[in-house]
Each structure stands twice: as structure tokens, then as C-alpha cells.
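Working notes, structure below.
The values are calculated or read from the model by the stated rules, or taken from the named source; none is laboratory data. Because the structure is a prediction, the values reported are computed rather than measured. Positions of Cβ are backbone-derived with ideal geometry, glycine not excepted, and every protein chain shown enters the neighbour counts.
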Number of protein chains: 8
Amino acid sequence: MKPKVMIVLGSGTDYTIAEKAMNIFEELKIPYDLKVASAHRTHEKVKNIVLDSVKNGVEVFIGIAGLSAHLPGIIAANTHRPVVGVPVDVKIGGLDALFACSQMPFPVPVATVGIDRGENGALFAAQILGTYNQKIRARIIKLREGYYEKVERDESHIITNIQ
Amino acid sequence: MKPKVMIVLGSGTDYTIAEKAMNIFEELKIPYDLKVASAHRTHEKVKNIVLDSVKNGVEVFIGIAGLSAHLPGIIAANTHRPVVGVPVDVKIGGLDALFACSQMPFPVPVATVGIDRGENGALFAAQILGTYNQKIRARIIKLREGYYEKVERDESHIITNIQ
Amino acid sequence: MKPKVMIVLGSGTDYTIAEKAMNIFEELKIPYDLKVASAHRTHEKVKNIVLDSVKNGVEVFIGIAGLSAHLPGIIAANTHRPVVGVPVDVKIGGLDALFACSQMPFPVPVATVGIDRGENGALFAAQILGTYNQKIRARIIKLREGYYEKVERDESHIITNIQ
Amino acid sequence: MKPKVMIVLGSGTDYTIAEKAMNIFEELKIPYDLKVASAHRTHEKVKNIVLDSVKNGVEVFIGIAGLSAHLPGIIAANTHRPVVGVPVDVKIGGLDALFACSQMPFPVPVATVGIDRGENGALFAAQILGTYNQKIRARIIKLREGYYEKVERDESHIITNIQ
Amino acid sequence: MKPKVMIVLGSGTDYTIAEKAMNIFEELKIPYDLKVASAHRTHEKVKNIVLDSVKNGVEVFIGIAGLSAHLPGIIAANTHRPVVGVPVDVKIGGLDALFACSQMPFPVPVATVGIDRGENGALFAAQILGTYNQKIRARIIKLREGYYEKVERDESHIITNIQ
Amino acid sequence: MKPKVMIVLGSGTDYTIAEKAMNIFEELKIPYDLKVASAHRTHEKVKNIVLDSVKNGVEVFIGIAGLSAHLPGIIAANTHRPVVGVPVDVKIGGLDALFACSQMPFPVPVATVGIDRGENGALFAAQILGTYNQKIRARIIKLREGYYEKVERDESHIITNIQ
Amino acid sequence: MKPKVMIVLGSGTDYTIAEKAMNIFEELKIPYDLKVASAHRTHEKVKNIVLDSVKNGVEVFIGIAGLSAHLPGIIAANTHRPVVGVPVDVKIGGLDALFACSQMPFPVPVATVGIDRGENGALFAAQILGTYNQKIRARIIKLREGYYEKVERDESHIITNIQ
Amino acid sequence: MKPKVMIVLGSGTDYTIAEKAMNIFEELKIPYDLKVASAHRTHEKVKNIVLDSVKNGVEVFIGIAGLSAHLPGIIAANTHRPVVGVPVDVKIGGLDALFACSQMPFPVPVATVGIDRGENGALFAAQILGTYNQKIRARIIKLREGYYEKVERDESHIITNIQ
């Protein structure tokens, strides 16, 4: 199936953050693809990934990057599709990446989720797709409810143990 | 026309940030609505706004708030629709609001744009709508190109002046 | 005995911080209850906990949360009882949670203690109860004096060892 | 009438922050007193204020201070009554005062409200008194509701104007 | 004369910072050029500026940008020539831009000078040219000595006045 | 021998930082004493330590503390002798303690050294004593020179190894 | 009279901070001198000032500087006399200067006072001189008491006005 | 062969950061030298290293330092050659060193690379040398391309594994 979401990972060393995103897409049955390409190191590749992706029907991009974290911004500069930024904590607690993702100028927004929050980046991308796809929205509702139930069970476990 | 985007402003004092968003929606001809409601002060109202909005066909939410900036998170807790957060600089340069918007737990993402960037929040919301609306996408492209041309003109003006 | 203090824990993973609070209440013989409920994930549950608690005689709330840490603020939005916030260090040293707890707008204060300081949150809640309960005040005095004596003993131990 | 709350202001230059607190107490008809005394400059005076206040029936303290902001902590060291800290922005956005108020060790909590938020400090003190005083609680509810109505009116004004 | 240094300004609003750089180049008689082009807004233009510049003999680049400040990094991604970054204070004191400029990954360094320090960026670029150009080095020495003498005169003025 | 320097340690858990100071005093043969006393927990004790110390000839104080780190300020409030503050990293990298030590109001300065730098606090205290004590000054010179020689040896070791 | 304290000002633009220090020395009748010399710009001059000063009987140094604020550290590297650092707010609230002054390595301490606190730097220098000079100590006591009385008068004025 | 680059390491404990730089110079066949000398501890030595280096043909300096990190600034104060600063994370995530390196006043720039990024410091120094040395430039291009290919291989490995 053709991917609806393209995850671009700035560096292979941040793979665990991408994995969190991929698990969500698996659970929501949303076809995605993963590429590893640095905004600075393999710059032309990023652009080509973006252009090819759009041509092939990708509707949302996720850029995962640490440090100067220009990747999501570069993706956003090359497409009119929404781009979600996931800042990664490599140095100074990830503040550098959080600022680099969120503090974008007009008219090139990057919608930024929390530091190291690949799973929230994916869920937000799914919510975007869910605006016009009933099935995905239903699966998001199920995922969230399932999660809430699991939390509920864990919580009652905690409460039981302390009594 | 029924609004596609609901802007919720946490406090009337941050109205200028909402105005930046509204100007973008006017330009993109995207029907929107604006409500003023605080996550803490008029909590039930926020929830009702969200539930009514969804019923009435709102597809994206924008929460604009300063300080603890819980508003976008509360909206996100009450809907499965995508929520965009715009942190406002009231104290400490807006860092409190930036953290409060972006550092959300799973599975309640808020997609955060830059501090005081109402116009980027709106553009991102438009990009979301543009994933399945050709016309909006065309207008985004036009807006961006128009903006780039204006920047280009301003720039050549600067360059001319210094020569 | 009916609980006087309701501790609400935003996430089961921060249980050790709640435990510090519970130990203080055990020592001060103050009846308390613990619930685990997230401001965003199980939002309606938080509200119900607050409303039920007030009905059942709870006089002070403690909200323990990391990251965006909206939980104490949400509790405060649903009651006129005092709410104590305990920010938890999950990312960036807990600064996000400290700001989210303390930087609340008027008229929804959250009284915030130090990062990860469950024991200070509990002691402060006890001081609130102690304003009109002589016995609790007496136990606070005893707890503090006992602690000071213990510190004193530890200190003289240090001093002795270095001589 | 004998004061129930003692406001201690670290420096006369931060008087406007104290005024915000005083306005709340006037509105809630809670007898209060104001002293100006620095934790460092007139140290013994702080202690005497605290001891005299407790003897005279003061039930809650508010310490307002900027910079190193030791004042609320020093008050807390001298009483078993609850102490509310209001950090003031004098330098670096008030971060120094926010940390100094909130990051207190066990067993000397200071319950800290937002930077420059004298009105929230007062409201929180009122909530403490309201735990066993039905009348104060009723006035808090009225104050909050009145505030919410005023906000509502202002908001509908904004909304009307933009249409 | 063909420019040795290309200054790229991310936004026309930061022109005063570029001016500081230009004044230094005038004084050092180093031919330079100024372009205004945003890393995100007119991305392709940045690349073309860089490639054309290199072809035309530009030896050092200066990127001046605020906020996410990706501009110097994008320049660096498109050339093997040294790139100097000047972060501009637009929000949060310029910390976002400082981090975005300096925290670049390997092998794409941006050599970053202080916030708003266009004049230091230019001087550093001159020092680079001065490594193989005796005349430029001589002018740098003269500029620095002249500056030191001026400072000396101002200082003795201060000292005289206070006596 | 009667102590010239009184080290006051805010908490026994920060003993390793005090140890660094003590080693310097041993090496410089400066008589010192160590007390453990918290600004908040054993407040009266701090005051008594200060007053007794001054009576007994102590000339410089060192306050070592983390978190809100009021200890050095409280010492300074109780004496006209110079007080050196050593902030300790307990939370947020020690920034809270650094601000609490250094950001003191007039006329109660605390001279603050680096985070966790007990050895620099001690050396600075020695420099104060050395202003009128030739022998101590001589020993400081020797200590520094010895240290420099040791560094030199270590360095040449490094250099040798890489060749 | 020969100066006991040498104030070195890193830049003439920070003169108001030096003035605060000078006023204190005037009041305490402590002979001082002021030089303007930058750690980086007129480096050799700093060294000569330090060496000459020590020869001429200067006992304490005060270094006042903003930004990278290396001046106090450079003074400290050139003398065994105590050096007091006064960080100046030029950018990012003065955090850069505060860190540069305080975070010195062993064995080159700089005793740092608060941001822009020239008056505290001077008072601390006076306290150093006061360790062996009864008269200076007496004047410090008088200055502090005079200040406290003035504060007291201002405070009673505030209190009177609000009644 | 005579060194073209002089690496000065502020402290032997930061040797691993220097090593990253040295590996790059080995790969690029650029003759370099390494000295260990502290800006504060062995101040005169730094100056002599700089003056000797310049006499012997060194064209670029790299200063590697943590904490107050004055070393690169001191080098820059003693030469008209370009100086690259590498801030090291010793405390508070390296923010102190990053600020100390980058926030230099005019006319003493230090071109700062990312925290702990010895390899980027070296690459930037090589880019400076490459402005007039065709061979070095060719090797930089080869190094970068080799690196990109390696990244590419690693990435395709990641991609393959997840399929």
C-alpha cells in the first residue's frame, strides 16, 4: 500500500524515537515509510524524498531531529503539506531541537510535539489524516480508549497494592 | 458558512495573536470562528465549545494561550481532531507557554508553532485542511508565493538602497 | 476514616513521588486517598474525582505531574479548595512541569512546591489542615522537631568522623 | 479586626505586587496586615513579625520577594503555619525568585504562585482560610463567578467587534 | 570588484545587523555582497546564491538569522567554504537562534559569533581571508589598534570626568 | 588552634563538596571548622554558629547549599564578615542554587563561586585571609604553582602519549 | 591616598554599574581607583593594571563585565589577591556574564555578586578589607544600619499611606 | 611538517574532545599540534603558545574549554588569526561554555561550534585552510562525501532491517 505518511529521521542514532512513531502507525494501520536523511548532510536527498513523496500520495510528513534540528523546517520549505516536528534530546535536554523545530518563521510552520515524543508525532499525523478518513478516526478513538483502559488497569493495580 | 477551524483564545488580552491567525483565514477564504475561553477560568465552556464545534463540522482547533497555557491541551483532551497550539509571551519570554503547549503526554499531542506566531498556527491549520481540499491547497500555494514575491521586492529594495 | 487530602497522580510512572507524600500523611495520621488520573488522558475522571472528593469532605488536593503538568491546574479549575502542585522531573530537569504548575492565571492559583518534592507537598497540605486542627499542628511540630533532631544526630556524626 | 493573613513584602519597590494581593483581601473581606521587611536586610524583624503574627492569630503568611527571594523561606522557617511565596521579576524574568521560592528543602515548604502574581497568592491564602470558614468560601465562589462573568462580557465584546 | 564575502540575511527586518557587518568590510576594503534570502521561504534562492557565489570567487559566507535560524546551516550544507553564523535576537533573547546556529551536526559546522554581533561576524570572515592575504591582515591589525586607541581615549575621558 | 574560617554545610548529603574545601585548608594550614546547619531547618542554629564564630575570631564564612540555597545569605544577614557561597547541584544542574547565592540584594552580598566548587570557595576564603597574612599568601602561591606544575606534568604526559 | 581597591571596568558603556561601586567606596571612605580595560581588547593593559596595582598596595580587585565577561577571570589569573566579579546584563538577561564570572576552574576563583550589582561588589570588597581594619568594619556596620533605618522609614511611609 | 593548526586544550580532562579534532586532521592530512594550557591557570603559557605558533606558521587556532571557557577568547586576544571555539559540557549542559565562547565583544570574535563538537571545530579550521589550498578542499569534499556514503549505507541498513 502506498504510504500516507513519510517519516524522515535526521540521524540513524535517533532510531528509537522513529520506532515509537512506527508502532503507532502499525497499530492504526496507516501505511507509512521511513527514510533517514539529514537536513545538512544529505540535503538534496531530503528535497527529493519530499518531492517524490508528494508525487506518490504522501499527505503528512514527520521530521525527527536533534541539535540544530533543521530537518522538519527543510521539509516544510519544500512542500505545502503539513509537517510535524519531533525534537530529540541529544544535548542540553533537547532545548536546542525544541526551539529549532517550533520557532519557525512565517509562512513555513512546523507543528512541534514534545521532546523525544515520536508516538505523539505519529498520533498527530494520524489525526490529520483522520480529518477526512472516518476509519482512521475510529481507530484513533479505539487506540486512545484502549490506552485509557490500560492506564486505568495499571492505576487500579497501584491503588490495590498500597491498600 | 460553517466554520472549519475553531480558534480558542485563552484570554482577551492576547487578542492581537488571534488577529494574526484570522487574517490568514480571511486571505485563504477558510471559514473560522473565534471564541474566548480560559482552560482554567471557564473550563466547562471550553469543553462545550469543543463538543459543539465538532458536531458543527469544525475540523481543526487552534488554542492560543500564555503562561501555564493549558488551553490547547484541554481542547486536545476533548476531541480526536488535530489541535494546534500557539504559545503567547506573557512572562519569561513565553518559555512557560512553549513548554506547556509542546510537552504533552501520549496520547494527547498538541502541535505547537512558535511563540506569538498566530499566523503560522493558522497556516498550519490550513495545511491540514489542504490535505483533502484542492482549493485550499491552491490558495496556500498562492499565499506563500505572494509572500515570497513581496519579500523578494522588499529585499531588492534593500539591496538597491545600499548600492 | 474519610480522607482529608486527595492526592491525584498524573501518571503511574511517577508513583515514587506520591509515595513520599503518603509517608508524610501516615506519620501525621492524616487520612488521605490516592487516585491516578491524567489531566489529558482521563480528563472526565479528574473532574469526577474532584467533585466526589469535595462532597466526601476532602479539604486539600495535591496534584503530582510532569511535562506539561496541567493536572493541578485542572483540579484547581474544578474546586474552590486549595490545590498544591508537585512538578515531576521527566524532561529538561522538570522546568516544564515547574512552570506549568506555578504560572497559573488569576483566579486559579496552584501552590507549587519544589521539583519531585512529594514530601513537601504533603507537609504543606498538612499545614493547611493545621490552621484549624490543633492536633495536626502538634504533629507537624513533632515531625519537624524529630527531623531536626535526626539531622542534628547525622551532622554530629559527620563532624565526629572528620576529627 | 485582627488580621488573618500577614503579607510580608521584601522590598518597598515591589509594592505594586502587594497591592494586587491587598485588593483581593479587600474584596473577600479578609482582615490582613502588610509589613515590609527583608529576609536579609532586617532579618530579626522578619522573625519578630512572624512570631507576633502567630501570637495575634495570623493563620497564613504571604512572602513577596524578588532576586534571591529568601523571604518566604525565612518566614516558613519560623512558623508551622502555611506560607505562600510570590516571586517578583527584578532580573532574568523572575526565574531567580521563582526557583528560590519553590525549590525549598524538606520540611520547610513554600507554596509558590506565578511570577508577579500577588492576586493569586492572596486568593490561595483565602482558599486556605476557606477550608474551615464557610463565609470566605462563599465569597471566593462569588469572586470567581463575578470574574468569569466579567471575562465573559469582555469576550462577547471582542467577538461582537470582529463580526 | 568581485566579492570575497557573501552576506546572506534571513529577513529584511534584521537589516541593522547586516549593516554592522557591512561597515567592517567597508573599513577593511574587502569586497562583499549582500543578499536577502530565507532558508525556508526562498530556499532554492539560497542554494543558487551559494552555488553562484562560489563560482564567482566568494570565499566566505555569513548567514544572519533569528528564531529557528537555519540559514547559516543551509548555506553550509551547500558549500565546502567556511560559513559564519550571526544569531539575531527576535524572541527569547536570541537563545533559539544561538542554538540553531551553533549546535550543527558533523560534518556541517557553522562558526557562530555572539547574538546580534554582525560586526564580529564580518571581522571573523576578514580573519579567514587574512590567513593568506597580507594586506587584509594588516588592515585588521590597524582596525583593531584604531579601535583600541579609541577605547583608550573614551576611557581616559571617563576617568578624567570622575576625578 | 582557633578557626579562621567557618564552613557551614546546608545538608549532610552535600558533604563531598565540603570535603573539597577542607582539603584546601589542610594544605594551606588554615585552621577551620565545619558545622552542618540548614538555613531553614535549623535556622536559630545558623545564627548562633555565626555569632559564636565571630566572637571566637572567625574571619570568613563559607556557606555550601543546594536548591533554594538560602544558607549563605542567612549567614551574611547575621555578620559583617565576608561570606562565600558555594552552590550545589541537586536539581536543574544547580542553577537554582547559583541564582539563590549570587542574586542577593544590597547590602547583603554573597560572593559566589562555581557550582559544586568547594575547593574554589576555600581558596577564595584563603585569599581574603591572605590580604593581611604574608604566610598564607605565600602558601597560596605555592599551592597554585604546585598545581600548575602538576597540570604541566599531566599535560606533557598527554602530549607524549599522542606522539 | 593610595587605593586599596582597584575597579576594572570591561567597557565604558557599563559605567553606571561602576558608579554604584564608587558611591559605596566614597561612603565608606575607602580609597579606590577605576580603570577601563577589556580582557580581550586591551589584554596586556589588564595585566599591567593588575601587576602595578599589587605593587602599589591594592588589596582587592573588582572586575565589572558583560557578555563573555572574562575580565574578572583574567585579573584573577594575574594575582593572588581576591577578585570580585560583577556580571553586567548586556544580552540574555546577563546570564552569559553571570556564568562567565562564577563558573571559574580551580585554582582561580572569582567571587561573583548579582547581575548589575556594583554596590554589592563594592560592599563585599569592603568586607574583605574589614577583616583586619576595625575602622572600615565600623563604617560598614554604620552603612548597613543607616540603610536599614532608611528602609524602615520608607516602609513605615508605605504602611502609613495604605491605612 | 610544520603545523598549520594549533589545538589548545584548556584541561587534560577534556582530552576526548580534542581527540575528535585530531582524528579529522589526520584524515585530512593537515599538520597540527596540540597543547594543553589553561586560560587562567597557565595564562602566560597560552600567550607564548599563540605567539610562537604564529611565528612558526600556524594559521588557525582551536580553543577547547568548559565552564567559564575563556581560553578561545584569550587566544583571540593575542592574535589576528582566526580562532575557533569548542565549548565543553562540564556543568549545566555546557551552556556556560557555549555562552563564554560565543558572546565575545568586538573586535575579538571567537567562531564557536556546537557543545563537545571537536570534530566540527577541526573541520571548520580545515575549511579556513581550504579557502586557499585546493588539496585540502578536495580532501574535505572527499571526507564529507565518504561520510555521506557511510551514513547512506547505515541508513539503508536501518531501512532494510525494519522491512
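Taking the stated definitions as given, is F:GLY93 part of a helix (DSSP H, G or I), more than 9 Å from chain G (Cβ to nearest Cβ), at positive phi and not basic (Lys, Arg)?
Judged against the criteria, F:GLY93 is a match.
Restricting attention to the range F:2-33, the residues that are more than 13 Å from chain C (Cβ to nearest Cβ), more than 18 Å from G:TYR132 (Cβ to Cβ) and assigned to a loop (DSSP other than H, G, I, E, B) total 1. Scanning the range F:96-108 for residues that are at the interface with chain G (Cβ under 9 Å from one of its Cβ atoms), under 15 Å from the mean Cα position of the chain (by Cα) and of a type in the set (A, V, I, L, M, F, W, C), we see that the one that is surrounded by the most Cβ atoms within 10 Å (Cβ to Cβ) is F:CYS101. For the range C:28-39, taking the residues that are out of contact with any Pro (no Cβ under 6 Å at 6 or more places or on another chain) and crowded, with 18+ Cβ neighbours inside 10 Å, the one that is farthest from B:ASN48 (Cα to Cα) is identified as C:LEU28.
Mind checking which residues of the range C:96-127 are of a type in the set (D, E, K, R) and on the phi < 0 side of the Ramachandran plot?
Matches in the range C:96-127: C:ASP96, C:ARG117, C:GLU119.
Of all positions in the range B:51-62, none carries a residue that is within 11 Å of chain D (Cβ to nearest Cβ) and in a helix (DSSP H, G or I).
Pairs meeting the criteria (first residue in the range E:92-108 and among the aromatic types (Phe, Trp, Tyr), second residue at pLDDT below 95, beta carbons under 9 Å, at least 6 apart or on different chains) are E:PHE106/A:ARG41; E:PHE106/H:TYR147.
Taken as a whole, the range D:127-138 holds at least one residue that is in contact with a helix residue (DSSP H, G or I) (Cβ under 8 Å, 6 or more places away or on another chain), under 29 Å from B:GLY94 (Cα atoms) and surrounded by 18 or more Cβ atoms within 10 Å (Cβ to Cβ).
Hey, among A:LYS55, A:LYS20, A:LYS4, A:LYS91, which residue is in contact with a Gly (Cβ under 9 Å, 6 or more places away or on another chain), closer than 19 Å to B:GLN127 by Cα and modelled with pLDDT of 95 or more?
Result of the check over A:LYS55, A:LYS20, A:LYS4, A:LYS91: A:LYS4.
Within the range A:63-88, which residues are in a loop (DSSP other than H, G, I, E, B) and either without any contact (Cβ under 8 Å) to a residue 12 or more places away in the chain or closer than 21 Å to B:ARG144 by Cα (or both)?
Of the residues in the range A:63-88, the ones in a loop (DSSP other than H, G, I, E, B) are A:67-70, A:78-82.
The answer is A:HIS70, A:ASN78, A:THR79, A:HIS80, A:ARG81, A:PRO82.
Pairing each residue of the range A:8-35 that is on the phi > 0 side of the Ramachandran plot with any residue that is at pLDDT 95 or above, provided the two are 6+ apart or on different chains, yields C-beta distances under 7 Å for A:LYS29/A:ARG139.
Scanning the range A:109-136 for residues that are more than 7 Å from chain B (Cβ to nearest Cβ), over 15 Å from the mean Cα position of the chain (by Cα) and in a loop (DSSP other than H, G, I, E, B) gives a single hit, A:ASN133.
Among the residues of the range E:38-72, which ones are over 14 Å from the mean Cα position of the chain (by Cα), within 23 Å of B:ARG153 (Cβ to Cβ) and of a type in the set (A, V, I, L, M, F, W, C)? Within the range E:38-72, E:ALA39, E:VAL46, E:ILE49, E:VAL50, E:LEU67 meet the criteria. Of the residues examined, F:ILE75 is one that is within 14 Å of the chain's Cα centre (by Cα) and of a type outside the set (Asp, Glu). Restricting the range G:137-149 to residues that are free of Cβ contacts under 8 Å to residues at least 24 places away in the same chain and facing chain F (nearest Cβ under 7 Å), which is farthest from F:GLN127 (Cα to Cα)? Only one residue fits best here, namely G:TYR147. Going residue by residue through the range H:70-78, is there one that turns out to be surrounded by fewer than 24 Cβ atoms within 10 Å (Cβ to Cβ) and either within 8 Å of chain E (Cβ to nearest Cβ) or not aliphatic (A, V, I, L, M) (or both)? Within the range H:70-78, one or more residues are surrounded by fewer than 24 Cβ atoms within 10 Å (Cβ to Cβ) and either within 8 Å of chain E (Cβ to nearest Cβ) or not aliphatic (A, V, I, L, M) (or both).
When the criteria are applied in full, C:LYS45 fails the requirement of being under 18 Å from C:VAL84 (Cα atoms), touching an Asp or Glu at 6+ places or on another chain (Cβ under 9 Å) and either within 14 Å of chain A (Cβ to nearest Cβ) or in a helix (DSSP H, G or I) (or both). Under the condition of being closer than 15 Å to C:PHE106 by Cβ and modelled with pLDDT under 80, the residues counted in the range D:149-163 number 1.
Yes or no: the range F:150-157 includes at least one residue that is surrounded by fewer than 23 Cβ atoms within 10 Å (Cβ to Cβ), over 16 Å from the mean Cα position of the chain (by Cα) and within 9 Å of chain G (Cβ to nearest Cβ). No, that holds for no residue.
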